[in-house]
1. List the lysines whose alpha-carbon lies under 22 Å from that of Lys25, not counting same-chain residues fewer than 8 positions away?
2. Could you tell me the relative contact order of the chain? Use alpha-carbon pairs under 8 Å, at least six residues apart, and round to a whole percent.
3. Starting at the first residue of the range 9-26, write each ³J(HN,Hα) from the Karplus equation 6.51 cos²θ - 1.76 cosθ + 1.60 with θ = phi - 60°, in whole Hz, x for Gly and Pro.
4. Which whole-Hz couplings ³J(HN,Hα) result when phi for each residue of the range 53-60 is put into the Karplus expression 6.51 cos²θ - 1.76 cosθ + 1.60, θ = phi - 60°, listed in order with x for Gly and Pro?
5. For every other residue with a beta carbon closer than 14 angstrom to the beta carbon of Lys72, add +1 if it is Lys or Arg and -1 if Asp or Glu, then tell me the sum.
6. Could you pull out the longest piece of the chain with no exposed loop GluC sites (Glu not before Pro) in it, calling a site exposed if DSSP puts it outside H, G, I, E, B and it has at most 16 other Cβ atoms within 10 Å?
7. Once neighbouring chains are kept in place and the probe is 1.4 Å, which whole percent of the accessible area of the chain is contributed by carbon and sulfur?
8. Which FRET efficiency value, to the nearest 0.05, is calculated for Leu47 and Lys3 with the Förster distance at 25 angstrom and r the Cβ-Cβ distance?
Amino acid sequence: MAKDHGPQIKDDSLYEKLREEGASKEKAARIANAKAEGSLDHDSTHLENRSKETLYAEAKEIGIEGRSDMTKDELIEAIRDH
């Protein structure tokens, strides 16, 4: 049985699985909550399917420095490494 992570995590078992696979707390929570709400768009979870502008916005939101000089591939790598 999955541990209860509180009301901010809507799918505790998926959250734990993602964390065990190495996802950050933020990423695991985002995916688990989107799946629980039924709003998980499979294509949007793949960074390669997103526009550079969308990737830039996500990099800005999570505080990746140097993002304005990055290519799309560099943004993807930086987001994955976060």
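The values are calculated or read from the model by the stated rules, or taken from the named source; none is laboratory data. All values reported here derive from a predicted model rather than from experimental measurement. Here Cβ is always computed from backbone atoms with ideal geometry, including for glycine, and neighbour counts include all displayed protein chains. For the accessible areas, the whole protein counts, side chains as well, though only heavy atoms, and no ligand, DNA or RNA atoms are used. Shrake-Rupley method; radii C 1.70, N 1.55, O 1.52, S 1.80 Å.
1. Once the sequence-local lysines are set aside, what remains near Lys25 is Lys3, Lys10, Lys17, Lys35, Lys60.
2. Working: 58 pairs, mean separation 16.3, N = 82.
In percent, rounded to a whole number, it is 20.
3. Rounded to whole hertz, the list is 10, 8, 9, 4, 5, 5, 4, 4, 4, 5, 5, 5, 7, x, 5, 5, 4, 5.
4. In residue order, the calculated couplings are 4, 5, 4, 4, 4, 5, 4, 5 Hz.
5. Values: positive: Arg50, Lys52, Arg67, Arg80; negative: Glu48, Glu53, Glu58, Asp69, Asp73, Glu74, Glu77.
Overall, the nearby charge balance is -3.
6. Details: sites that count: Glu21, Glu65.
The reported range is 22-64.
7. Details: 2700 of 5820 Å².
C and S fraction of accessible area: 46 percent.
8. Values: r = 28 Å, r/R0 = 1.13.
In this case the efficiency is close to 0.30.
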